[in-house]
Amino acid sequence: MSLQRTQDAESTDALLAAEEVQKYFPIRSGILKRHTADVKAVDGVSFEIRRGETLGLVGESGCGKSTLGKTMMRLLDPTGGRIYFDGEDITDVSRKRLRQLRRDMQIIFQDPGSSLNPRMNVADLITEPMRSLTDWDKTKRQNRLYELIEEVDLQENHLTRAPHEFSGGQQQRIAIARALSVNPSLIVADEPTSALDVSVQAKILNLMEDLQEKYNLTYLFISHDLSVIKHICDRVAVMYLGELAEVAPADRLFETPKHPYTRALLSGVPRANAERMDDRIILDGSVPSPEDPPSGCRFHTRCQEYIGDVCETSDPELDAVGDGHVCACHHYD
Ligand SMILES: Nc1ncnc2c1ncn2[C@@H]1O[C@H](COP(=O)(O)OP(=O)(O)O)[C@@H](O)[C@H]1O
Ligand code: SF4
Ligand SMILES: [Mg+2]
């Protein structure tokens, strides 16, 4: 059973949905630059994000999280599958429609220091999306600008300064104001706090939560850090090597993780009801190359619960294991 079908029964209020989405990056070699192989960064991913929720996307570095986020926003063209936004199939929409969709879907990156144009001041940075994506007049843009800086706790005297004059946390506030300026309904936040000190991280997460409530925002929140995911997410999707391993409501995922990969990731996170040290599962080695992923279950080369041939020959599908909880493993019990 695909995830799409398991979830459709429970909820029809999906703002964003993926159906078997793929994103391959071609590898070209030789002097003729012939297409010889592909980096299968995202390889058949189905899920949905419901209006107003925060869906966490977690997994080790290189698992395809950023590629999936950008593909869902149509910043990258999918290689296969379908993408739906608010019920509309946006997989191959026109450039014109895509530009309109930029208002509805905005992205915040990990490193605002490099994503914010150093030659623009704060006022220009925040108003730029309004100038390029809306037909709002100057008065409306200015009013929105002053609203936004108050919203994200910046001062009026910051407006004429350049982004490098700010701390990482303040730069992320500028990036958030910029993303919010055009009134999007969906924000993809790609490791938005990963470059910040822990104390600043909490402030930015709280700000994002307040803004979500105020503007009824839907978040796709990407992070490799499970403690951040736990803080902010309603549901969590665990990604491994281009595929989803497990999706569940956040409390279920943290209390009763089913997939060996999720369990291994969680073993590295301190928990209140910590299991004994000898129950810890160590995640050995690194993520294999997405150019030539392992056969069968992609996790089999690192799985400590490996149960034999079936793991190497058959790719497990996401199966329902409980309320809104799906897991792709031949041996989840
Ligand atoms: N533009 C690109 N061209 C080629 N390979 C890419 C490109 N972007 C990402 N990749 C590869 O795709 C895989 C997934 O990357 P990414 O989506 O950045 O993972 P994550 O965000 O989980 O760390 C990695 O192997 C990465 O090297
Ligand atoms: S299918 Fe097999 S290798 Fe894959 S996670 Fe489950 S037990 Fe491990
Ligand atoms: Mg990434």
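The values are calculated or read from the model by the stated rules, or taken from the named source; none is laboratory data. Only a predicted model underlies this, so the values are computations on that prediction, with no experimental measurement involved. Here the Cβ positions follow ideal geometry from the backbone for every residue, glycine too, while neighbour counts run over all protein chains shown. Protein only, heavy atoms only, side chains kept; ligands, DNA and RNA dropped before computing areas. Shrake-Rupley method; radii C 1.70, N 1.55, O 1.52, S 1.80 Å.
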*In the stretch 118-133, which residues are polar (S, T, N, Q), surrounded by fewer than 18 Cβ atoms within 10 Å (Cβ to Cβ) and closer than 22 Å to LEU101 by Cβ?*
SER132
_Residues that are farther than 30 Å from SER286 by Cβ, over 18 Å from the mean Cα position of the chain (by Cα) and in contact (Cβ under 8 Å) with a residue 40 or more places away in the chain, at least 3 per element: which helices (runs of 4 or more DSSP H) completely within the stretch 14-133 meet that?_
122-133
*In the stretch 158-257, which strands (runs of 3 or more DSSP E) lie fully inside it and hold 1 or more residues that are among the polar types (S, T, N, Q) and under 23 Å from TYR84 (Cβ atoms)?*
218-223
_I need the full set of residues from the stretch 134-177 which are more than 24 Å from SER199 (Cβ to Cβ), open to solvent by less than 60 Å² (accessible area, probe 1.4 Å) and of a type in the set (Phe, Trp, Tyr), in order please._
TRP136
*Scan the stretch 317-326 and give yes if some residue there is more than 16 Å from ligand 1 (Cβ to nearest atom), in a loop (DSSP other than H, G, I, E, B) and either more than 24 Å from the chain's Cα centre (by Cα) or closer than 17 Å to ASP43 by Cβ (or both), otherwise no.*
yes
*asked:* Take ALA237 and tell me if it is crowded, with 24+ Cβ neighbours inside 10 Å, within 16 Å of ligand 3 (Cβ to nearest atom), farther than 17 Å from VAL45 by Cβ and among the hydrophobic types (A, V, I, L, M, F, W, C).
replied: no
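Quick check on THR91: is it more than 16 Å from ligand 2 (Cβ to nearest atom), open to solvent by less than 50 Å² (accessible area, probe 1.4 Å) and closer than 28 Å to HIS224 by Cα?
In short, yes.
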